[in-house]
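Report on the following structure.
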Amino acid sequence: MPKFSRSQLGVILLLGAALLLFWAWRGHIGLPYAAPPARTLNPVFVEVSGKVSRPGVYTFPDPPTLSQVLAQAGAAAQPGQPNAKLSSGSKVEVTTDGPCRVSRMVGPQLLTLGLALDLNHATAADLEALPGIGPVLAQRIIDYRQSRGPFKNVDDLENVSGIGPKKLAQIKPYLIIAEMTDNE
């Protein structure tokens, strides 16, 4: 084994310590990890159809007003039209004979965009877009809702004939119960 002088050992130790510090600095050893601030991206999707120059589905970072949506689609502003904010999944139909109509997108389109169906407003055709739901089961859901009133929560679907725990677990991620408003 080679013999090192005291000065050579000092240099070796100094280089070793420098490498160790460099490794710790690069690996952030000893420093608390600070995660970047979480910014959730929840785009708002609004469909525009009818008498506009650019019909289609538009994405907004925040809920847009009706005038913002119409401007994006190249439609003229609608005088006297309420300018409330639109929610994701809204459909604006611009007509030539009066104010535009605001409704909800159809079920398959909502699901394609990653949006949930409102169980209390979905049509049979909307429900058929859910995995494992055919025309007969969709009609049973509609009939149950009409005879018993609106669903209080999605789990109430288990009371519909043909929907058990497995089927409910399969479709539950695609459904919501929207808040009721006074005019419903």
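The values are calculated or read from the model by the stated rules, or taken from the named source; none is laboratory data. All of these numbers come straight from a predicted model, not from anything done at the bench. Glycine also receives a Cβ, built like all others from the backbone with ideal geometry; neighbour counts cover every protein chain displayed.
Quick notes on this structure:
- Residue under evaluation GLN72, criteria (1) touching a Phe, Trp or Tyr at 6+ places or on another chain (Cβ under 6 Å); (2) under 30 Å from SER161 (Cβ atoms); (3) not assigned by TED's automatic domain parsing to the domain that holds LYS166, criterion not met: (2)
- Identity of the residue in the range 143-171, within 25 Å of the chain's Cα centre (by Cα) and buried (at least 16 other Cβ atoms within 10 Å of the Cβ), that ends up nearest to LEU110 (Cα to Cα): ILE171
- Close Cβ contacts (under 9 Å, 6 or more residues apart or on different chains) running from residues in the range 159-170 that are assigned to a helix (DSSP H, G or I) to residues that are buried (at least 16 other Cβ atoms within 10 Å of the Cβ) and of a type outside the set (Val, Ile, Thr) comprise ASN159/TYR144; LYS167/LEU137; LYS167/LEU157; LEU168/LEU157; GLN170/LEU130.
- Pairs, first crowded, with 17+ Cβ neighbours inside 10 Å in the range 53-79, second charged (D, E, K, R) and modelled with pLDDT of 90 or more, C-beta under 6 Å, six or more apart: ALA73/ARG54
- Considering the conditions (1) surrounded by fewer than 19 Cβ atoms within 10 Å (Cβ to Cβ); (2) in contact with a helix residue (DSSP H, G or I) (Cβ under 8 Å, 6 or more places away or on another chain); (3) farther than 28 Å from ASN159 by Cα, VAL94 is excluded by exactly one of them, (1).
- Within the range 97-122, the set of residues being within 17 Å of ILE177 (Cα to Cα) and not in a loop (DSSP other than H, G, I, E, B) comprises SER103, ARG104, GLY107, LEU110, LEU111, LEU117, ASP118.
- Residues of the range 122-141 classified as more than 17 Å from LYS172 (Cβ to Cβ) and either within 18 Å of the chain's Cα centre (by Cα) or among the aliphatic types (A, V, I, L, M) (or both), total: 3
- Residues of the range 44-96 that are within 20 Å of GLY114 (Cβ to Cβ) and either over 25 Å from the mean Cα position of the chain (by Cα) or part of a loop (DSSP other than H, G, I, E, B) (or both): PRO61, ASP62, PRO63, PRO64, LEU86, SER87, SER88, GLY89.
- Output for the range 116-131, where each listed residue is out of contact with any Phe, Trp or Tyr (no Cβ under 7 Å at 6 or more places or on another chain) and either crowded, with 17+ Cβ neighbours inside 10 Å or within 14 Å of ILE142 (Cβ to Cβ) (or both): ASP118, HIS121, ALA122, THR123, ALA124, ALA125, ASP126, LEU127, GLU128, ALA129
- Residue identified as at pLDDT 90 or above and within 30 Å of ALA76 (Cβ to Cβ) among VAL102, VAL160, VAL92: VAL92
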